[in-house]
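Peer 1: What follows is a single structure, and I will ask about it in a moment.
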Amino acid sequence: MAGIQKFGFEVLHEDPGTRARLGVLHTAHGDVPTPVFMPVGTAGAVKAMPADFLEALDARIILANTYHLYLRPGHERIKKLGGLHSFASWNGAILTDSGGYQVFSHRELRDISEEGVQFRSHIDGSQSFFTPEKVIEIQRALGSDIAMIFDDCTPYPCGHVDAAASMELSLRWAKRCKEEWNRADDGTQALFGIIQGSVYPDLRKRSAESLRELDYSGMAIGGLSVGEPKDLMYEVMESTAPLMPADRPRYLMGVGMPEDIVRAVAQGIDMFDCVLPTRNARNGYLFTSQGRILIKNALYAEDREPLDPNCSCTTCRKYSRAYLRHLFLSGEHLYAVYGTLHNLTFYLDMMRKIRQSIRLGNFGKWFGLMEKEGD
Ligand SMILES: [Zn+2]
């Protein structure tokens with residue numbers, strides 16, 4: 001009998017002009033071509049998107065939030081119901097974050113110590129305690145294909161002394177996560193390390209080098225897109241990416257404007273997630289090949305044109321801008337469905353174009369063009 005597919009990563013092509021690479025993640029829930037964008041499915045559902053829409057879009061991997069699923073409906077219940085894939089009826093791959101970022105976002109509700117983080121639920125105020133071991137146990141119960149280590153995420157701005165202390169604590173937690181993960185490792189669930197260190201190159205370097213020794217299945221850059229200026233984010237990303245192991249997937253967490261993704265791919269980043277396409281869609285901001293559209297704008301009141309004439313999604317094939325604007329202004333739930341479908345199509349099409357250009361060896365050239373257009 002063939003065994004279950006173990007987690008693995010292969011680099012298939014490298015772009016001659018940049019550090020971009022084409023690869024594939026092998027998971028127990030299918031292969032995922034990289035560079036990849038992972039739609040965010042916070043509570044085990046990508047908001048307003050039926051799973052078969054995601055499948056039709058050829059989305060191979062989604063992200064789910066450990067913190068939210070732990071609070072509701074609870075990881076034990078999900079495990080009892082067959083794990084997150086079965087519970088959510090999603091046959092593709094799932095990456096679970098570790099909850100570090102969510103605990104960080106609800107800063108006023110938390111109390112941090114060497115052992116872990118005591119926090120109050122944003123739903124009902126109940127107290128919980130996350131340790132590195134507990135967070136691995138939760139992700140194991142959820143049964144995600146890729147688990148993330150539990151880390152402390154610093155806000156921006158953050159002084160060097162505080163950033164160093166936070167990064168060192170994250171390193172000690174990283175080691176505890178790895179030890180806990182090792183105990184039950186059967187090769188199917190990957191564990192990624194997360195490089196921290198705020199905007200300080202020396203801290204990022206120490207974090208990356210120490211994590212490298214712990215030999216994770218993949219490596220992520222965390223703690224970016226937390227309010228720092230864009231140039232600084234690019235600087236940190238560009239100086240940190242080369243410190244990540246070349247034979248493992250590299251994941252840039254929570255960064256996701258289209259131009260950011262292209263820039264990061266050029267530095268050899270393979271994986272992305274961001275709430276932008278889904279959240280922006282619900283707020284009426286739609287990405288198109290001709291620029292961003294705010295659908296509530298009066299300009300579109302009698303506009304019979306599709307949202308994006310260059311998009312092949314159902315929204316663009318069936319509906320006019322005028323109708324979408326009407327749905328949005330009327331607060332119709334259907335608007336969220338078709339807005340989200342379009343924005344995710346835009347993102348996943350962009351990733352397909354990126355992969356194709358790496359395959360053809362002209363990503364560098366294409367990236368050069370994008371740079372000029374962005375200026
Ligand atoms: Zn569309």
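The values are calculated or read from the model by the stated rules, or taken from the named source; none is laboratory data. This one's a predicted model, so the numbers in the text were calculated from it and none came from an experiment. Cβ placement follows ideal geometry from the backbone for every residue including glycine, while neighbour counts extend to all protein chains displayed. In case anyone asks, the SASA skips ligands and DNA or RNA and just uses the protein heavy atoms, side chains included. Shrake-Rupley method; radii C 1.70, N 1.55, O 1.52, S 1.80 Å.
Peer 1: Considering only segment 322-336, state which residues are touching a Phe, Trp or Tyr at 6+ places or on another chain (Cβ under 8 Å) and open to solvent by less than 30 Å² (accessible area, probe 1.4 Å). Show your work before the answer.
Peer 2: Applying the first criterion (touching a Phe, Trp or Tyr at 6+ places or on another chain (Cβ under 8 Å)) to segment 322-336 yields 322, 324-325, 327-328, 335.
Once the filter is applied, which keeps residues that are touching a Phe, Trp or Tyr at 6+ places or on another chain (Cβ under 8 Å) and open to solvent by less than 30 Å² (accessible area, probe 1.4 Å), segment 322-336 yields ALA322, LEU324, LEU327, TYR335.
Peer 1: Now for a separate question. If you scan segment 310-335, which residues turn out to be more than 28 Å from the chain's Cα centre (by Cα), away from the ligand (no atom under 14 Å from the Cβ) and in a helix (DSSP H, G or I)?
Peer 2: ALA322, ARG325, HIS326, LEU327, LEU329
Peer 1: Tell me, please, whether a residue that is hydrophobic (A, V, I, L, M, F, W, C), crowded, with 17+ Cβ neighbours inside 10 Å and within 16 Å of the ligand (Cβ to nearest atom) can be found in segment 292-305.
Peer 2: Quick first cut of segment 292-305, residues hydrophobic (A, V, I, L, M, F, W, C) only: 293-295, 298-299, 301.
With the extra rule that they be crowded, with 17+ Cβ neighbours inside 10 Å, the set shrinks to 293, 295.
Add one more test, that the residue is within 16 Å of the ligand (Cβ to nearest atom), and what stays is 293, 295.
Within segment 292-305, one or more residues are hydrophobic (A, V, I, L, M, F, W, C), crowded, with 17+ Cβ neighbours inside 10 Å and within 16 Å of the ligand (Cβ to nearest atom).
Peer 1: Further question on the same structure: So, of the residues in segment 139-156 that are within 20 Å of ASP111 (Cα to Cα) and of a type outside the set (S, T, N, Q), which turns out to be most open to solvent (accessible area, probe 1.4 Å)?
Peer 2: In this case the residue turns out to be TYR156.
Peer 1: Which members of segment 36-45 meet the condition of being crowded, with 19+ Cβ neighbours inside 10 Å and over 12 Å from the mean Cα position of the chain (by Cα)?
Peer 2: Filtering segment 36-45 for residues crowded, with 19+ Cβ neighbours inside 10 Å gives 36-41, 44.
The answer is GLY44, and nothing else.
Peer 1: Does any residue in segment 256-267 that is over 16 Å from ASN280 (Cα atoms) come within less than 6 Å, Cβ to Cβ, of a residue that is modelled with pLDDT of 95 or more and among the aromatic types (Phe, Trp, Tyr) six or more places away or on a different chain, and which pairs are these?
Peer 2: Listed pairs, sorted by first residue: ILE261/PHE272.
Peer 1: Residues to consider are VAL236, VAL226; find the one that is in contact (Cβ under 8 Å) with a residue 60 or more places away in the chain and open to solvent by less than 50 Å² (accessible area, probe 1.4 Å).
Peer 2: On the way: VAL236 fails: in contact (Cβ under 8 Å) with a residue 60 or more places away in the chain.
It is VAL226.
Peer 1: Given the conditions (1) open to solvent by less than 70 Å² (accessible area, probe 1.4 Å); (2) under 20 Å from PRO33 (Cα atoms), and given that ARG359 satisfies all but one, which numbered condition is not satisfied?
Peer 2: Only one criterion is unmet by ARG359, namely (1).
Peer 1: Also, quick follow-up: Enumerate the pairs (first residue in segment 46-69 and within 13 Å of ILE94 (Cα to Cα) and open to solvent by less than 10 Å² (accessible area, probe 1.4 Å); second residue anywhere and modelled with pLDDT of 95 or more and of a type in the set (S, T, N, Q)) with beta-carbon separation below 6 Å, excluding pairs fewer than 6 apart on the same chain, so at least 6 apart or on different chains.
Peer 2: Note: pairs meeting the criteria are ALA64/THR96; THR66/THR96; THR66/GLN139.
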